[in-house]
Every structure is written in structure tokens, then in C-alpha cells.
Amino acid sequence: MDSMKVNIEIPTKHLPTGEAAVEEIDVISTLHENILGRILSFIPIIDAVHTSVLSRRWIEVWTYITSLKFDDGLLHYEKKMPKQQFVNFVEKVLFQLTNSSIQSFSLSLTSYQYDASLITSWISFILERRVQKLHIQYADKVFLSSNLLFTCDSLVELVLQMKCTLSLPISVHLANLQKFSISGIKLVSDSSNYSKDITLNFPVLKVFEARGCVWSTTQDISLQVPLLERFSIAIRNRQSNKSCNFAIKVHSSRLTDFSYENDLEQDIVLCDSSSIRNASIAIVVYEDKEDKMEKLELQACNLLRQIHDVERLEFFFYKVFRQAKDIFTNLPVFGRLTYLQLNEVKGEALLQFLNNSPILNTLVLLHGVCFLHQDVFTSAVVPRCFLSSLNVFRFEGFDANEHDLSLVKFMLENAAMLQTMTITPSFWLRFADIDLENVKEQILSLPTCSNFCKIDFSDINSC
């Protein structure tokens, strides 16, 4: 294969006016290897390596690439690369690299199982090359050096989706890290520092995500993240009977998005939550913790109080937590809340949310109303948002039972500003002996307080 060439028109004195000689000049090959390496980083790694056959000049150009992306699930020549061939290819690329620093390294291993020491050696090699963006996806167990990882101050983006154990040092400082995303990892304390809190200092971090991780520590974790904008955590400790009581303290004055999913075993302390505008909270409490309900309700109240300035809130609770009482009678006032989404909720709890959300614009219910006393809505004080701001009500998972119909009636009779009510039946109603057309006519015949409310029945004809 010929080397890359471009055609350049060069005027000459010996040709008639208006004519030109065309000479082929290999401009690209004259570029410095570092520039060519950056260019080759934009194409698939296997194609970059194949440029070595272009000419003698190009034999080692690919070794200057700065971005490496390996995926053992990608097709090559319309078939998947065999495991050993893939391993040989990765080894060849890594150990012939010329650059002393790598801009990005992505390793996605979803097709085969590998020797743990092999994967460890690849990751360690890249960390020593001062990588900026590190993405690892691997379902099997692997050892990852905590010391090497948490001292790689070149890291700008760290994404780990893998089964490994990371020992958290007493103090971590990564000056350039902007995104920290981990899942499936077990985090443990450094055995020599059990008496001290753990401090993670990421001065320019903007995104912190931890999903499906096991936090096996009794020490508080302090996140020093002044520029953090998004915090998302889903803790999974159900595999262990050990109770891990610790707090995660988030020090940021720029946090706008907050997401939490857990059983409240750990406290989340938002040291400055005034900037949070979007929040999603899912509390999953299992039957074996029913005896701790009073403490759990207090923790839930504390969590909600910290985010009382949100504009958009999604709040879900499951299992025995549906029976919670204090959390709903002690709700904070959500003075800025305009969008509220709830799952299956008690009628009393729903009214508390509505009464404490004076400028609510949109209400979304996912699974209807449960545990409703007969006179809850008939004797209820009309929430202020009904008279001034509530425009949209989406009732998803409508069961067409007495509780749900009571709520619909209460809404139509009292929501003076309501513009749209959308009712979507539960999936199980497709198989129930319920005449939904009759239910629809019954709802349409109800008196309405709003003069411009439109009622939509989504998917009723398909049930």
C-alpha cells in the first residue's frame, strides 16, 4: 500500500499560461510523530496499528497514539477476535508504545474471562503512563493497587465498573480529577487508620457517582469537593450481615443534582445544600429492619430537610417504609418545588407533600394511592398549590379502585389551575374484569373546579 499523499498544483515557467504541472507530495508523512499519533488516536486502535504497512516511514508511527480503546466484544472482519489473539494484540500495543503519557485508556472486557494478574498488569502499566481518562469495564474479580490508583494525580476522569476491593487511604488528593464514577467495587478502610476519618480531596471534581458498591468501613468519609455539581450514590450492603454505620459528608457549595438510593444505613451529610435543584431519593427498607423504623424515619426526615430548596424531586420508598408516619408529618416546606414524582403513597402522606409544596406545578404518581382512610380527601384542607400553581397531574399505574377514584375526584373538584390530567392504567388491568370505558365515563362526569382542564386517558383502549 502506498503512503498517504496529496496533490499540489505547482505553476511552472515552461508551460503555457493557464496550465500547471501536478506533483504528488506526501505532506502528511512529513508531520512529526507526535502529531500523527494524535491523528491516529481518532480511529479504531486496530486500524491505527495497521497503518504500519503503509510505508517504511509509517512502521512505528502508531506507537505515538495517545488514546487507547480496547473492546473484546467488537467484531473484526465480521467476527469476534479470539481471546488469545486479543490478549496478544493488547500486549503488543501496550509494550510498544512510545508516549510516556496517555490521554485516555478504555478497556471493556465482556466476552471472556482473563487471568486477574494480566488485567492488573495492564491497568498498572497505564497508570504509570500518567493517563488522564481511565475507563475499565470487567465483570470478574481483579486486584487493583489502591496506592497506585490514588496517587495518579494526572487523572481527569476515572470510571471503574468492575469487581475489585479498594483500600481507602486516610487521605487522598487528586488535583485534576473531574469525574469519579465507580460501580461493583468493595471499599474498605486502610487497616492502619481505623481511628481516623477518611478524607477524599478532589478540588476540581464535578461528578461523583458510586452505584452498587459495598462500603465496608466504620469511618466517616469526608468529600472535599468545592466544585462538585452532581452527586449520585446507590449503596448495596445486603450481601453482608454486618452493619456499617458511617457518614458520607459532602462539602460543596455548587451541588445542583443529588441522587440517593439505599436503606439509610449510612448518613448523608450535605454541608451546603442550598444550590441543589434536582433530587432523586429511593429508600428501600427490608422487613428485617422493621424494628429500627423510628430511627430510619428520623434519618429520612433529616435527609429531606437538607434538600428543601429543590425545584424537582423524585421520592420513592418501598417495603415496610410505606408504613412510615413521622417522616410525612415532619416534612419540611419545599418552597421552590415545582415538580414532584412519587411511587405508591398513602393518602395522608400525599396531602402532606401537597400542603408543604406551595408553588408545585406538576405532580406525578407512579402506582396510585394505598392505605387510604375513607374520609381523608373529603375532610382535607385544600392545598395552596391547588389554588395557584398546580397545572399538570399525571396518574400512572391507575388501578381504578376506590382509593384512586377518590384522589381523581379530589383533584378535579379543588385544583382550580389544573390544565392537564393524564390517567394511565396499570398493566394488570389488561387482564382484570373491569370496564375501563365505564370508569372513563364516570371520571368525565365528575365536577371540575378548573374551566380549562383537559383529561387524557392514555392506553385505555389497549387494555
Practice task
Would you mind telling me which numbered condition in (1) open to solvent by less than 30 Å² (accessible area, probe 1.4 Å); (2) part of a strand (DSSP E or B) T199 fails?
Solution key: (1)
Exercise for the section: Give me a count of the residues in the stretch 405-434 that are in a loop (DSSP other than H, G, I, E, B), touching a strand residue (DSSP E or B) at 6+ places or on another chain (Cβ under 8 Å) and among the hydrophobic types (A, V, I, L, M, F, W, C). Expected result: 2
Practice task
Taking only the stretch 142-181 into account, find how many residues are in a helix (DSSP H, G or I) and either within 14 Å of C213 (Cβ to Cβ) or open to solvent by 10 Å² or more (accessible area, probe 1.4 Å) (or both).
Solution key: 3
Problem - Unmet criterion (only one of (1) within 20 Å of V381 (Cα to Cα); (2) outside any loop (DSSP other than H, G, I, E, B); (3) modelled with pLDDT of 95 or more) for L337 - result: (2)
Problem - the stretch 109-125: number of residues that are closer than 14 Å to K83 by Cβ and without any contact (Cβ under 8 Å) to a residue 40 or more places away in the chain - result: 8
Exercise for the section: Look at the stretch 62-111 and say how many of its residues are under 30 Å from the mean Cα position of the chain (by Cα) and of a type in the set (D, E). Expected result: 2
Practice task
Would you check which residues across the stretch 87-124 are basic (K, R) and outside any helix (DSSP H, G or I) and list them?
Solution key: none
Exercise for the section: Scan the stretch 285-327 residue by residue and report those that are in a strand (DSSP E or B), buried (at least 18 other Cβ atoms within 10 Å of the Cβ) and at pLDDT below 80. Expected result: V285
Problem - Count of residues meeting criterion [closer than 15 Å to V90 by Cα and surrounded by fewer than 18 Cβ atoms within 10 Å (Cβ to Cβ)] in the stretch 117-129 - result: 6
Practice task
Would you please list the contacts, defined by Cβ atoms under 6 Å and residues six or more apart or on different chains, that run from a residue in the stretch 410-435 that is touching a residue at least 12 places away in the same chain (Cβ under 8 Å) and open to solvent by 20 Å² or more (accessible area, probe 1.4 Å) to a residue that is in a loop (DSSP other than H, G, I, E, B) and among the aliphatic types (A, V, I, L, M)?
Solution key: N414/V382; M417/L390; I434/A400
Fill in the blank from the handout: Checked I136, I65, I102 against criteria (in contact with a Leu (Cβ under 6 Å, 6 or more places away or on another chain), open to solvent by less than 20 Å² (accessible area, probe 1.4 Å) and at pLDDT below 90); the one match is I65
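The values are calculated or read from the model by the stated rules, or taken from the named source; none is laboratory data. Just so it is clear, the model here is predicted, and its values are computed rather than measured. With ideal geometry, Cβ positions are generated from the backbone for all residues, glycine too; neighbour counts draw on all protein chains shown. For accessibility, only protein heavy atoms count, side chains too; no ligands or nucleic acids. Shrake-Rupley method; radii C 1.70, N 1.55, O 1.52, S 1.80 Å.
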